[in-house]
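Structure record follows, encoded as structure tokens.
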């Protein structure tokens, strides 16, 4: 694998950030194989040329980002995971609060992204996918309210765009407006 990227940063905290970036980069280059063990702690210390303390801090960063988690015991090591949008949502809420973005501004951004999603879904969705969505919506209207949460419609339309970036931002903005 590759050594951590070089930069102007100094100190163990900055080194740990660079090692975490190198680990993430290596996982991306490897095709992000969820469930694969990247290596045990001694292997990773050697691979990235850092101390155990720096590696452990880097692993904490990797875990926070949802890139991997350290599994203990035989066959353990840093295991690649699928990222969870919740971490991104929480970070976005913190930033939006800091920047004093109003709920109205968040809703405006959400509306713009969702309009784009509807346009892309209209262009890209197969007729069978649209019909299945209509059936789920009809069942929601006719059935108990708890069977189909309204926000799921937005997520399902975003999924029909075949654009993971749009899908992620629709989910994040939907969750933010619900918690903001």
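Some values worked out for this structure:
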{"item": "Cβ-based exposure ranking for 63, 167, in which fewest neighbours within 10 Å come first", "result": "63, 167"}
{"item": "Angle between the chain longest axis and helix 52-65 axis [Cα atoms, degrees, rounded to 10]", "result": "0"}
{"item": "Linear extension gain, residue 29 paired with residue 139, 0.36 nm per residue minus alpha-carbon span", "result": "35.3 nm"}
{"item": "Separation between Cα centres of the range 160-174 and the range 111-131, rounded to whole Å", "result": "11"}
{"item": "Relative contact order, percent, the range 11-80 [alpha-carbon distance under 8 Å, six or more residues apart]", "result": "41"}
{"item": "Estimated inter-spin distance, residue 112 and residue 60, nm [label 7 Å along Cα→Cβ]", "result": "3.7"}
{"item": "Overall form of the chain per C-alpha gyration tensor (a/c, 1.5; a/b vs b/c)", "result": "prolate"}
{"item": "Computed helical MRE - 222 nm, the chain, DSSP H runs ≥ 4 contributing -39500 (n - 2.57), nearest 500", "result": "-21500 deg cm²/dmol"}
{"item": "Normalised contact order of the chain, rounded percent, pairs of Cα under 8 Å and 6 or more residues apart", "result": "19"}
{"item": "Prolate/oblate/rounded call for the range 11-80, Cα gyration tensor, a/c under 1.5 rounded", "result": "oblate"}
{"item": "In degrees, nearest ten, helix 103-124 long axis to first principal axis of the chain (Cα)", "result": "80"}
{"item": "Cα-based helix-to-principal-axis angle, 85-98 vs the chain, degrees rounded to 10", "result": "90"}
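Each reported figure results from applying straightforward, stated rules to the coordinates on display, with no laboratory input. From a predicted model like this one, the values you see are computed outputs, not experimental measurements. Neighbour counts run over all protein chains shown; Cβ positions are idealised from the backbone, glycine included.
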